[in-house]
Amino acid sequence: MSSRRLRAGLLWLVLSIALSLGQACAATAGADVVTLNFVNADIDGVVKAISEMTGKNFVVDPRVKGTVNIVSAKPVSKALAYDVFLSALRLQGYAAVEDGGIVKILPENDAKLHQSLMLGPLDKTRGAGDRIQTQVFTLKYESAVQMMPILRPLIAPNNTITPYQNSNSLVITDYASNLQRLEKIIDAIDQPNSSDPIMIPLRYASALDVAQTVNRLFAEAAQAQGGAAADTTQRLVVVADTRSNSLLARSTGDPSRLGRLRQFVAMLDSPTSAGGNIHVIYLKNAEAVKLAETLRAIQQGESGSGGSSAARSGLGLGSATPLNSSVTGASSATGSSASNSMATSSLSSIQGQPSATASGIIQADAATNSLIITAPDAIYNNLRSVVDRLDMRRAQVYVEALIAEITSTKAAEFGIQWQDLNGLNKTGTQGFGGTNFGTTGQNILGVSANPLTAGAGLNIGVLKGSVSIGGVNILNLGMLVRALQTDSSTNILSTPTLLTLDNEEARIVVGQNVPFITGQYAVSAAATTPTPFQTIERKDVGLTLRLKPQISEGGTVRLQIYQEVSSIDTSTANAAGVVTNKRSVESNVLVDDGQIVVLGGLISDSLTDEVDKVPLLGDLPIVGGLFKYSTRTRAKTNLMVFLRPTVLRGAHSADDLTGGRYDYILNEQGKASPAGLLLPVEGGPPTLPALPKATTDATAATPK
């Protein structure tokens, strides 16, 4: 115990000497001002002295060891003395943590375990810089995970930084002074990306007109600065939003362009001096005459089919149709009624017509396919938005039709006919008889009168001279045996194709224009100057395809289709005129894009069995064949009509389709070119020219 007391006494003696040498507690200018001078002072002694100065309670971790050097040239306040003490501890690798009125002095790497979370703003008061704090930074634009590698080198190794992806936040524990610096760095980096779009609302001008002007101006400026080798990453994209009458802009590479864009747009978005102005809109896809009629019908509350009186008399090309007064309320935003009247009077003076007290006029110029609209800015902006929605590139539909017809006909005939005409040349009463079946060419009497009329097939007869009947000499044909079998098949494949716009009817006809007699007039023989005549009507005979497609948003195509295949029947003779074979389909169908659907068809199988015989005798088992004539015919017909529409929504798809069909025809022409001609033809066979480069890249495809 004596040795311990001795060591404690010596420690307090050394501390007293250090304090006396440092004059740490000597007051010079009042009770709240002290002078700090610690030279190689033990930390425990310095803590006791600071506790007496500030009145704070300290708890020192046993691991806190070492000496402190603090030199003060002039007296400082007690609050500042405490901050200087914290800085000295930080330099030694220790930290002071305040918790419940107690200041804990412990190693720096353990301080984060005793520090409460700071959710509010950082403590930026004087002297707070050397205190350990934990702060949560929530990022708005950048990723917290990607931000951590940038901030980690700026934080002390004993302190921590942790990203939390769910809320895109960073949890940082460090000294308050460093947290303040990190806060500035995070604010500087966590900024909106220059490539993110911005919205610029317009009050007076039309977003479509301003977008066209701005794009043209900035594009020309970029070409003037960089020429053809301008950096493509430094671009400014401006798109008009007609619904909100705003501009959507995005700059890639140079954020300052957005500022210049805002200034330029602000100058353009200014009210005009007149309430009504003349605007010319050049259309890209729609037809100006029809679109003008639609706009007038909308403003006047009429249907598009009826139109106005001006539309019915040339669709308003030579007259001005005022807009409905129901939209004049919008003119109050840009001009008064007096300005509207002045604008209308000016337009009337241009057209040579009396002035009309209306809010606007819509006209169409068919020569330039443009619309002329005279209206206040607010009304014009609404109309321009409608025009932009209607003036869209319409999709096209390429329809491939396939008509497959397979016909098979088999026929057989067999018969025996006989005649006994030997007694006809004798005098007195004589008898004759025989069988007689079929038509000309099959009948034994017909062949006897004229052997050249014998039908096709096997004809075997027994002939014995000739006989005279009623003064007419015919062959004495005692028996005629006929046998015939026919087998015919037809395979026809027609593939008409047609390309048309959405909601536009199209038609293709491949065939002949055949005259049909519809009436005739013949003058009697008693007339002195007979002038007989006939009336005819010409009709198309061949292949006809007529359709009208309608494309839905989901890609389904509704088709109104009529398809006909007709031909002249050369096997049938008709005194009244020409006989035609006709197969037609007329229907409304729903087909998906690229889907093959069957429109209709015919599958028939017919059997005809005809027997001409002598009653009773023809039914005998064996000899009955001498008294009958049999004909049997079987016909099978398979006819199917298929359809496949393909929606073409852009120029590239049309180029692919054209290139494939073009290459197919070139190959077919190459196969059809004659080889080894004995008589050469100057110039060679006709061939298609080469496609332009934009179309030759299309993939060749053989039509199915």
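Values quoted throughout were computed directly from the atomic coordinates according to the rules given, and no laboratory measurement underlies them. Bear in mind the structure is a predicted one, so any value in this text is a computation, not a measurement. Cβ placement follows ideal geometry from the backbone for every residue including glycine, while neighbour counts extend to all protein chains displayed.
Numbers at a glance
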{"item": "Extended-chain gain in nm, criterion 0.36 nm per residue less alpha-carbon gap, Gln550 and Glu142", "result": "142.2 nm"}
{"item": "Burial ranking of peptide ranges 138-149, 78-89 (average Cβ count within 10 Å, highest at the top)", "result": "78-89, 138-149"}
{"item": "Gain upon complete extension [Thr495, Ser270; 0.36 nm per residue less C-alpha separation]", "result": "75.0 nm"}
{"item": "Förster radius 41 Å - calculated FRET efficiency between Gln165 and Leu80 (Cβ-Cβ, nearest 0.05)", "result": "0.45"}
{"item": "Protection proxy ranking, peptides 598-604, 638-644, average beta carbon neighbours within 10 Å, highest first", "result": "638-644, 598-604"}
{"item": "Residue-count net charge about Lys548 - beta-carbon cut-off 13 Å; Lys, Arg +1, Asp, Glu -1", "result": "-1"}
{"item": "Segment Phe533-Ser244, length gained on full extension (0.36 nm per residue, minus Cα span)", "result": "96.8 nm"}
{"item": "Two-site FRET efficiency, Lys290 against Asp605, from Cβ-Cβ distance with R₀ of 56 Å, rounded to 0.05", "result": "0.60"}
{"item": "Three-way shape call for the stretch 145-208 based on the alpha-carbon gyration tensor, with the a/c threshold at 1.5", "result": "prolate"}
{"item": "Environment charge of Ala635, counting only residues whose C-beta is closer than 9 Å and scoring Lys/Arg +1, Asp/Glu -1", "result": "+2"}
{"item": "Sum of side-chain charges, Asp190 neighbourhood, beta-carbon under 14 Å (Lys, Arg +1; Asp, Glu -1)", "result": "-2"}
{"item": "Spacing of the two label points (7 Å from each Cα toward its C-beta) at Asn436 and Ala367, in nm", "result": "8.5"}
